[in-house]
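Novice: This is the structure I have questions about; it appears just below.
The values are calculated or read from the model by the stated rules, or taken from the named source; none is laboratory data. Owing to the predicted nature of the structure, the values given are computational and were not obtained by experimental measurement. All Cβ positions, even for glycine, are placed from backbone atoms using ideal geometry, and neighbour counts span all protein chains on display.
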Amino acid sequence: MDNKSLHKRKRQKIRTNSKDKDHNGKKSNINFHYIPQKMEGVILTVILGALPIVATLYMYIRLTRGTFNGTQDLSGKTTIITGANSGIGYYTALDFATRNARVILAGRSLERSEAAAAAIRSETGNSNVVAWKLDVSLMSSVRAFVAKFKKDEKRLDILVNNAGVAGLELARTEEGLEVTMASNHLGHFLLTNLLLGELKRSAPSRVVNVSSMAHRLADLELDNINSQRLFNRSKIYANTKLCNILFTRELAKRLANSGVTTYSLHPGVVNTNVWRSMRFPVKQIVTLLRRMWFKTSEEGAQTTLYCALADKIEPLSGAYFSDCKEASTSAAAQDDLMATNLWDVSEDITGL
């Protein structure tokens, strides 16, 4: 072979190999012009195939959301809702006001609670909607609230224990209580017990405890209820929600034949401020899901309204509800011995 032919073959080989090199000059068997088109087709196929499933699931979730359509009038009735300046609590208060109740919005921020009360008065024309200061994480605040209530009010027909927090780091109140447990369980435990006299005198009356399906994830140890040995951020919220259900069961037993009934509930996965303290990446994932899949706060309030107002559910006192109907719980939530022991521990911690 002459030199001219040899140089020609080398140039052909170089041109051929150059098509198989990536941007770093390394040899590659990838055709970079072919892959994007192929992947676009795959992605499009997956999306189109998933759309009917997503649409069906979305419609199922929307259509199976419970709605309370009762027409009960609450004229002459007095109600308390904790954590009522936004979210589920706000729409519960708004509904009660529409039914002519006296509504007390009990919240940690008096400024925000007063703004919410003003908005409800404006929308409903009910001037009997007021805001009171209550930080359920502080037992001293609970006692001050109850003292004011007993001084100023004559009756209590409905108590909705709605306030709650989630996703917090370990923190303690000035009284030494772990904040999530104090806010979600201990404060409401004390509040309810201190108001039992008013509830009994106003019977038939109701106590509604807003829990969550997250109780199924709980790993509750009563000798660590104040996180004195170990704080588990991934479990603390679930533990408090289990406490809500156990408290409700034990309370129902203790109030038998008193005319006061009590119920716990899962409001659904609701787009509220309870998610504000979640950390990365949970908060980012929740943000993506909340608009499409989560209930609105008004939708989330429906089961609370059902438990507070529905007729003929008195025999179900102590039960747990979801989407305006009785629902199943975890085995731990049905443990009556644990419920009794939780009561005793809660009494000791709150000084009841």
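Novice: Give the residue, chosen from Glu221, Glu198, that is over 25 Å from Ile88 (Cα atoms), acidic (Asp, Glu) and out of contact with any helix residue (DSSP H, G or I) (no Cβ under 6 Å at 6 or more places or on another chain).
Specialist: On the way: Glu198 fails: over 25 Å from Ile88 (Cα atoms).
Testing whether each residue is over 25 Å from Ile88 (Cα atoms), acidic (Asp, Glu) and out of contact with any helix residue (DSSP H, G or I) (no Cβ under 6 Å at 6 or more places or on another chain) leaves just Glu221.
Novice: Restricting attention to segment 162-211, and to residues there that are touching a strand residue (DSSP E or B) at 6+ places or on another chain (Cβ under 6 Å) and small (Gly, Ala, Ser), which single residue is nearest to Phe321 (Cα to Cα)?
Specialist: Selected residue: Ser211.
Novice: For segment 303-334, what are the residues that are over 19 Å from the mean Cα position of the chain (by Cα) and either among the hydrophobic types (A, V, I, L, M, F, W, C) or surrounded by 17 or more Cβ atoms within 10 Å (Cβ to Cβ) (or both)? Lay out the reasoning, then the answer.
Specialist: Taking segment 303-334 as the starting set, the residues that turn out to be over 19 Å from the mean Cα position of the chain (by Cα) are 309-318, 331-332, 334.
Listed by number, the residues that qualify are Leu309, Ala310, Ile313, Leu316, Ser317, Gly318, Ala331, Ala332.
Novice: Would you say Arg206 is over 21 Å from the mean Cα position of the chain (by Cα), of a type outside the set (Val, Ile, Thr) and more than 15 Å from Leu134 (Cβ to Cβ)? Working first, answer last.
Specialist: Numbers: over 21 Å from the mean Cα position of the chain (by Cα): no; of a type outside the set (Val, Ile, Thr): yes; more than 15 Å from Leu134 (Cβ to Cβ): yes.
Criteria not met by Arg206.
Novice: Restricting attention to segment 242-297, report how many residues are of a type in the set (S, T, N, Q), under 24 Å from Cys324 (Cβ atoms) and at pLDDT below 95. Show your work before the answer.
Specialist: Start the filter on segment 242-297 by keeping residues that are of a type in the set (S, T, N, Q), which leaves 244, 248, 257-258, 261-262, 264, 271-273, 277, 284, 287, 296-297.
Cutting the leftovers down to under 24 Å from Cys324 (Cβ atoms) gives us 244, 248, 261-262, 264, 271-273, 296-297.
Still in the list and also at pLDDT below 95: 271-273, 296-297.
Final tally of qualifying residues: 5.
Novice: Restricting to segment 120-153, what's the tally of residues that are farther than 24 Å from Gly87 by Cα, free of Cβ contacts under 8 Å to residues at least 40 places away in the same chain and loosely packed, with under 15 Cβ neighbours inside 10 Å?
Specialist: The number of residues fulfilling the criteria is 5.
Novice: Would you point out the residue of segment 61-76, among those that are at pLDDT below 65 and surrounded by fewer than 11 Cβ atoms within 10 Å (Cβ to Cβ), that is farthest from the chain's Cα centre (by Cα)?
Specialist: Leu63
Novice: Right, another one. Given (1) modelled with pLDDT of 95 or more; (2) part of a loop (DSSP other than H, G, I, E, B); (3) touching a Phe, Trp or Tyr at 6+ places or on another chain (Cβ under 9 Å), where does Glu174 come up short, assuming only one miss?
Specialist: Failed condition: (3).
Novice: Name the residues in segment 80-119 that are buried (at least 23 other Cβ atoms within 10 Å of the Cβ) and in a loop (DSSP other than H, G, I, E, B), would you?
Specialist: Selection gives Gly83, Ala84, Asn85, Ala101.
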